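One structure is given below, encoded as structure tokens.
The values are calculated or read from the model by the stated rules, or taken from the named source; none is laboratory data. Bear in mind that the values here come from a model prediction, so they are computed numbers and not experimental data. Neighbour counts run over all protein chains shown; Cβ positions are idealised from the backbone, glycine included. Remember, those area values only see protein heavy atoms, side chains included, never the ligands or the DNA or RNA. Shrake-Rupley method; radii C 1.70, N 1.55, O 1.52, S 1.80 Å.
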Amino acid sequence: MAEKKLLLAPSMGCCDLFDFAHQVEYIDQRADFLHIDIKDGNYVKTYSIGPDFMQALKPHVSTPMDAHLMVKHPQWILEECAKAGAAYITPHTDCIESDAFVTFNKIRSLGCKAGVALNPASSLDAIRYYLPLLSKVTIMIVDAGYAGQKVIEPMYDKIRTLARWRKEQGLDFLIEADGSMNKNVYRPLYEAGADVVVLGPPALWNKDPDIEKAWGIMEHEVDQALNH
């Protein structure tokens, strides 16, 4: 029986624009985080929403928004993200190597919580020295920015190692898993030590055109995975 809940972070850029207000309102009442994927077409080869998307959501949501910055120069938009209402700002390790401490201290000075995201090939050692500054670590379980990939199973070991470090160092950051989420990975992710899962179309929206039915199916899959 699962003793702690697996927290849910739907990727809000996936909402149906023709049912947008309804989907946002429904998800806001049920999600633990609102995951906002910001892509620049440079760090990853796709484009998406920006801080203005969060600005539009801000008056209408109470769930914490997490700006996942899949952008080459995240330093340029930290202030915009903070102003737009981000509770968490999460750049990628390989985009901040030369100024990681400056970046996280800036995020915190803006009143936001600092997160960091690691692509599958990125080593955990890259974040070891600044773990105490972080409120969340996002482990990508597929390469960022490419849809339709299979989950890279060695990432479970990465999460296990990170969970061990957290315990050994007495830290309390959240561990989030992101990428190709589906019913077969909830349990191994949970058992490895993940606290949060990011939900994209395969995990949520593709389950049913009606967001309320889709949410019910997804929740049932999570419950089944963790409790059977």
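Please determine, by comparing only the residues of region 176-206 that are assigned to a loop (DSSP other than H, G, I, E, B) and open to solvent by 40 Å² or more (accessible area, probe 1.4 Å), which one is nearest to Met70 (Cα to Cα). Working first, answer last.
Within region 176-206, the first condition is being assigned to a loop (DSSP other than H, G, I, E, B), and the residues that meet it are 179-185, 193-195, 200-204.
Adding the requirement that they be open to solvent by 40 Å² or more (accessible area, probe 1.4 Å) leaves 182-184, 201-202.
On the way: Asn182: 22, Lys183: 25, Asn184: 26, Pro201: 18, Pro202: 20 Å.
Restricting to residues being assigned to a loop (DSSP other than H, G, I, E, B) and open to solvent by 40 Å² or more (accessible area, probe 1.4 Å), the top hit is Pro201.
For residues that are among the charged types (D, E, K, R) and either open to solvent by less than 60 Å² (accessible area, probe 1.4 Å) or within 25 Å of Ile152 (Cβ to Cβ) (or both), scanning just region 77-102, find the one that is modelled with the lowest pLDDT. Steps first, answer last, please.
The first filter runs over region 77-102 and keeps only residues among the charged types (D, E, K, R), leaving 79-80, 83, 94, 97, 99.
Next, only the ones that are either open to solvent by less than 60 Å² (accessible area, probe 1.4 Å) or within 25 Å of Ile152 (Cβ to Cβ) (or both) stay: 94, 97, 99.
Details: Asp94: 92, Glu97: 87, Asp99: 93.
Ranking the candidates gives Glu97 first.
Go through region 103-124 and give me each residue that's open to solvent by 30 Å² or more (accessible area, probe 1.4 Å), at negative phi and modelled with pLDDT of 95 or more.
Across region 103-124, the qualifying residues are Asn105, Lys106, Arg108, Ser109, Leu110, Lys113.
Among what's in region 125-148 and is out of contact with any Leu (no Cβ under 8 Å at 6 or more places or on another chain) and small (Gly, Ala, Ser), pick the residue that is surrounded by the fewest Cβ atoms within 10 Å (Cβ to Cβ).
Gly148
Out of the residues in region 170-190 meeting the condition of being at pLDDT 95 or above and over 18 Å from the mean Cα position of the chain (by Cα), tell me which one is farthest from Leu133 (Cα to Cα).
Gly170
Of the conditions (1) open to solvent by less than 50 Å² (accessible area, probe 1.4 Å); (2) within 23 Å of Leu34 (Cβ to Cβ), Pro209 satisfies every one except a single condition; which number is it?
Of (1) open to solvent by less than 50 Å² (accessible area, probe 1.4 Å); (2) within 23 Å of Leu34 (Cβ to Cβ), only one is false for Pro209: (1).
Restricting to region 7-32, name every residue that is in contact (Cβ under 8 Å) with a residue 40 or more places away in the chain, outside any strand (DSSP E or B) and open to solvent by 20 Å² or more (accessible area, probe 1.4 Å).
Gly13, Cys14, Asp16, Asp19, His22, Tyr26, Arg30, Asp32
If Val196 satisfies every condition in (1) modelled with pLDDT of 95 or more; (2) in contact with a helix residue (DSSP H, G or I) (Cβ under 9 Å, 6 or more places away or on another chain) but one, which is the exception?
Of the numbered conditions (1) modelled with pLDDT of 95 or more; (2) in contact with a helix residue (DSSP H, G or I) (Cβ under 9 Å, 6 or more places away or on another chain), the odd one out for Val196 is (2).
Within region 12-52, take every residue that is modelled with pLDDT of 95 or more and polar (S, T, N, Q) and give me the one that is nearest to Lys213 (Cα to Cα).
Among residues in region 12-52 that are modelled with pLDDT of 95 or more and polar (S, T, N, Q), the one nearest to Lys213 (Cα to Cα) is Gln23.
Can you name the residue in region 53-76 that is at pLDDT below 95 and more than 16 Å from Gly13 (Cα to Cα) and is also surrounded by the most Cβ atoms within 10 Å (Cβ to Cβ) among such residues?
If we take residues in region 53-76 being at pLDDT below 95 and more than 16 Å from Gly13 (Cα to Cα), then Pro74 is surrounded by the most Cβ atoms within 10 Å (Cβ to Cβ).
So for region 163-175 (the condition being among the aliphatic types (A, V, I, L, M) and in a loop (DSSP other than H, G, I, E, B)), does at least one residue qualify? Spell out the reasoning first.
Filtering region 163-175 down to residues among the aliphatic types (A, V, I, L, M) leaves 163, 171, 174-175.
In the following step, the residues that additionally are in a loop (DSSP other than H, G, I, E, B) were identified as 171.
Scanning region 163-175, I find at least one residue that is among the aliphatic types (A, V, I, L, M) and in a loop (DSSP other than H, G, I, E, B), so the answer is yes.
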